[in-house]
């Protein structure tokens, strides 16, 4: 079923009632972009909406019914239908007092941006555009509905939503809206870290993350979301001081694939360079910035209430982000196996991060880097899957080690198991016979 067919079914089901396509799905349609999920607004109350769609929908959900929203799915397509609303805010909470209305114009007036405040009548096809949303779409501008300060006061999260839409659509922010956002930046303190995180995720995963991040910095939002970014105004080392470190960071994010772990790693991979900056006759150095950066990234991501698996992957990528760019043909097979073991399932993400980092540093280095990466990939394919390498465990267990060496429980057992694992990763031990031999050769005389 196509979205147009579902719209026609909805139009037939709501005969005698007002029903409009609204919000993002209409905006995307006017931009010529596909939009599979539909948002609609109606003058029917939620109970009536539920009755009208339950006759034919494959499934119906009512989680948002108290806010006027009934959701449905038909042949894999989803739609949400919301009763016209006329929300009011108390200026303290970002949660509105919800009241249902009877006019689409009032419903549109409560929305955030002009490009989201249009409606198309599903019965007649007429488009209602009381705030100039189509004009702003054509001009590629994000603009608040009505007075920007009023819209922000209702919900301060809208300062980040405006940035996210600019990053998502590649649009500019209108000057009056930008000024209001800058003036209201401190109101982000009213917003939970979880909601801030969701908007930041949207900015980073958008087609234009550099635009969004630059807006966050220029409008004063970064000091409430990620103030650590504001310290990154440092020149790049040893590359003819080609670009500011912040510029390098934002470009690396833009060049990284739209994967949360890789883009967060690109954003934070050099976050500790200000603390590790040193200079001598050999040039500028940032010794240990990858280890300190991983620790700082963990603090930042936990502050943002990111899930633990994302935190773990990002910190792993940052801690190891210098290894792949420095790969050379001189690496032994053992060194390649060690890289595969350490990164495991995250090896491809690490290579994507390295690619973005090098391209954002000095484009003249990239052809040589690209050739070295092809060689590294060939060597990895010859060895096998990195994920399998990461699952290697010692071929002997602790009890077997104690019996073999005639020792009791203690630190020595752990030392032997770590040695054995290293030998297996490096490819010197391949089976239990090799394991017994290696352990006896290394530790047998000690016991």
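Below is a table of values for the structure above.
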| item | result |
| --- | --- |
| Some residue of the stretch 280-289 being assigned to a helix (DSSP H, G or I) and either buried (at least 18 other Cβ atoms within 10 Å of the Cβ) or not assigned by TED's automatic domain parsing to the domain that holds residue 195 (or both) | yes |
| Given (1) free of Cβ contacts under 8 Å to residues at least 60 places away in the same chain; (2) in the same structural domain as residue 379 (by TED's automatic domain parsing); (3) touching a helix residue (DSSP H, G or I) at 6+ places or on another chain (Cβ under 6 Å), number of the condition residue 246 does not satisfy | (3) |
| From the options 444, 414, residue that is more than 21 Å from residue 331 (Cα to Cα), assigned to a helix (DSSP H, G or I) and at pLDDT 90 or above | 414 |
| Condition met for residue 410 (more than 16 Å from residue 348 (Cα to Cα), surrounded by 12 or more Cβ atoms within 10 Å (Cβ to Cβ) and either in the same structural domain as residue 349 (by TED's automatic domain parsing) or out of contact with any strand residue (DSSP E or B) (no Cβ under 6 Å at 6 or more places or on another chain) (or both)) | no |
| Selected residue (criterion: farthest from the chain's Cα centre (by Cα)) from residues of the stretch 427-436 that are assigned to a helix (DSSP H, G or I) and surrounded by 13 or more Cβ atoms within 10 Å (Cβ to Cβ) | 436 |
| Number of the exception - residue 400 against (1) in contact with a helix residue (DSSP H, G or I) (Cβ under 9 Å, 6 or more places away or on another chain); (2) more than 22 Å from residue 329 (Cβ to Cβ); (3) touching a residue at least 12 places away in the same chain (Cβ under 8 Å) | (3) |
| Meets criteria (within 24 Å of residue 22 (Cβ to Cβ) and surrounded by 15 or more Cβ atoms within 10 Å (Cβ to Cβ)) for residue 136 | yes |
| Filter result (more than 14 Å from the chain's Cα centre (by Cα) and buried (at least 18 other Cβ atoms within 10 Å of the Cβ)) within the stretch 301-330 | 315, 316, 317, 318, 319, 320, 321, 324, 327 |
| Candidates 343, 353, 376, filtered to the one that is in the same structural domain as residue 262 (by TED's automatic domain parsing), farther than 18 Å from residue 267 by Cβ and surrounded by 21 or more Cβ atoms within 10 Å (Cβ to Cβ) | 343 |
| Lone qualifier among 54, 36, 99 - being in contact (Cβ under 8 Å) with a residue 12 or more places away in the chain and over 28 Å from residue 147 (Cβ atoms) | 36 |
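The values are calculated or read from the model by the stated rules, or taken from the named source; none is laboratory data. As the structure is a computational prediction, the values presented were derived from the model and not from experiment. Cβ: placed from backbone, ideal geometry, glycine included. Neighbour counts: every protein chain shown.
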